[in-house]
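Notes follow the structure.
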Amino acid sequence: MSSPKTSTLRAIADLVLPQSCAGCGRRPLPGLCAPCLLTLETRTPASTAPDPPPRGMPPCVAAGLYAGVLAEVIIAYKERGRHDLTRPLAALLARSIALADDTGAPVLVPVPTTFAARRRRGSDHLRPLAEAAARLVGGTVAPCLRARRRPDSVGLDRGARLRAARGAYAPRFAGRPRRGTPVLIVDDVLTSGATLSEVARTLTTMGLRPVGAAVLAVAGRRAK
């Protein structure tokens, strides 16, 4: 993973220079160069979990480790507004979804972004990825949660993340599936598992049935 200084310099470069490859930063072109794209396309999704997993966390599939090209591409899409990366990231997420899903027509619930994060980034970065991935796997997206205001989890330890996640999500009537519907949670990066655990708990209180989760990357550990 790049250092904060490297990421900041690359963000500044994106503003004043032609966009470069989001994975390696070395070639002036939109999206990804062929070697970096191949790196994403050859990822093999696998089951993963924190050790120990938080109570109530659903089974999860991750496309890869949050490092190298994958981490750089996620950061560029999420923090620098590189919407030209939607297609390759959606394809990667779709492969995680396909392994996590056993229905053939998954109902996807993207983890919602807080208002503060949407304002800072200019958009809810995860929902477009979920919608693009849903088209690839024959699924649908149910944006039936909203995020309550909470502290940024960056820099928090495992215990603090678990405490911050408690009560962090609330139901939305718009887009809510019927009671008893099996749903699959989608997120970008798995860290402590606190977010997935809390989202699953909230969905359960809504009468839905969270059966698993699919993410782009897992931080700090390898898929099992």
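Observations
- Any chance A200 is buried (at least 19 other Cβ atoms within 10 Å of the Cβ), of a type in the set (A, V, I, L, M) and not in a helix (DSSP H, G or I): no
- Number of positions in region 186-197 that are in contact with a strand residue (DSSP E or B) (Cβ under 9 Å, 6 or more places away or on another chain) and assigned to a helix (DSSP H, G or I): 2
- The residues in region 90-107 that are more than 18 Å from A46 (Cα to Cα) and assigned to a helix (DSSP H, G or I) can be counted, and the count is 0.
- Residues (polar (S, T, N, Q) and modelled with pLDDT of 80 or more) located in region 143-182: T181
- Lone qualifier among A62, A49, A34 - being under 20 Å from L85 (Cβ atoms) and in contact with a strand residue (DSSP E or B) (Cβ under 9 Å, 6 or more places away or on another chain): A62
- Condition met for R82 (modelled with pLDDT under 95, under 25 Å from Y169 (Cα atoms) and out of contact with any strand residue (DSSP E or B) (no Cβ under 7 Å at 6 or more places or on another chain)): no
- For region 31-63, the set of residues classified as modelled with pLDDT of 95 or more and on the phi > 0 side of the Ramachandran plot is empty.
- Selection status of R87, surrounded by fewer than 20 Cβ atoms within 10 Å (Cβ to Cβ), not acidic (D, E) and not in a loop (DSSP other than H, G, I, E, B): yes
- Cross-chain or 6+ apart pairs with Cβ under 7 Å, region 27-47 first and over 15 Å from I74 (Cα atoms), then in a loop (DSSP other than H, G, I, E, B) and modelled with pLDDT of 95 or more: P45/A63; S47/P59
- Residue check, M1 of a type outside the set (S, T, N, Q), modelled with pLDDT under 90, within 21 Å of G220 (Cα to Cα) and part of a loop (DSSP other than H, G, I, E, B): yes
- Among residues of region 114-129 being of a type in the set (D, E, K, R) and at pLDDT 75 or above, the one that is farthest from L89 (Cα to Cα) is D124.
- Answer from V107, V61 - the residue that is more than 14 Å from the chain's Cα centre (by Cα), surrounded by 21 or more Cβ atoms within 10 Å (Cβ to Cβ) and not charged (D, E, K, R): V107
The values are calculated or read from the model by the stated rules, or taken from the named source; none is laboratory data. Since this is a predicted model, take the numbers as computed values, not measurements. FYI the Cβ positions are ideal-geometry reconstructions off the backbone, even for glycines, and counts take in every protein chain you see.
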